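One structure is given here, and the rest of the page talks about it.
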Amino acid sequence: QQLLVESGGGLVQAGGSLRLSCVASGRFFSIITMGWYRQAPGNQREEVAAITNGGLTNYADSVQGRFFISRDNAKNTVYLQMNSLKPEDSAVYFCVADGKLASWSSTAKYWGQGTQVSVSS
């Protein structure tokens, strides 16, 4: 069973919008921070946005003002609304969660399998 399941990727024209969703498994005992990373071919994986369970957010400079992260703690779900998409936003987007699987376990970073976002010019 996957701990994080992403959806919402696809192909869109430049200037368009997409919304990514990520549902965290009920196996998590607790989740502190959820967010998104991305990796384009030949590039290092980079953090795009993150949100704490208290609602504090952080964005990469490259997406500030265009991408918006939100979270529904009751549904263990994080969203990434991506607007004004550019070809350079094309990448595999990975959902991440910093959390515990048991009360006695250490906090660890868990990754989803990724969803492809492609932006055509």
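Out of the residues in the range 68-113 meeting the condition of being aromatic (Phe, Trp, Tyr) and under 12 Å from LEU4 (Cα atoms), tell me which one is nearest to the chain's Cα centre (by Cα).
Looking only at the range 68-113, we keep the residues that are aromatic (Phe, Trp, Tyr), and these are 68, 79, 93-94, 104, 110-111.
Filter again for under 12 Å from LEU4 (Cα atoms), leaving 94, 110-111.
Details: PHE94: 6, TYR110: 12, TRP111: 9 Å.
So, considering only residues that are aromatic (Phe, Trp, Tyr) and under 12 Å from LEU4 (Cα atoms), the one nearest to the chain's Cα centre (by Cα) is PHE94.
Just to be sure I understand the filter: pairs with C-beta atoms under 9 Å, separated by 6 or more residues or on different chains, first member in the range 1-16 and more than 24 Å from SER30 (Cα to Cα), second member part of a loop (DSSP other than H, G, I, E, B) and small (Gly, Ala, Ser). Which pairs pass?
GLY9/GLY114; GLN13/SER121; ALA14/SER84; ALA14/SER121; GLY15/SER84; GLY16/SER84
Look at the range 1-20 and say how many of its residues are surrounded by fewer than 17 Cβ atoms within 10 Å (Cβ to Cβ) and among the β-branched types (Val, Ile, Thr).
Of the residues in the range 1-20, 1 are surrounded by fewer than 17 Cβ atoms within 10 Å (Cβ to Cβ) and among the β-branched types (Val, Ile, Thr).
We did not get these values from a lab; they are worked out from the coordinates using the rules stated. Predicted model, so just to flag it, every value in this text is computed and none were measured. With ideal geometry, Cβ positions are generated from the backbone for all residues, glycine too; neighbour counts draw on all protein chains shown.
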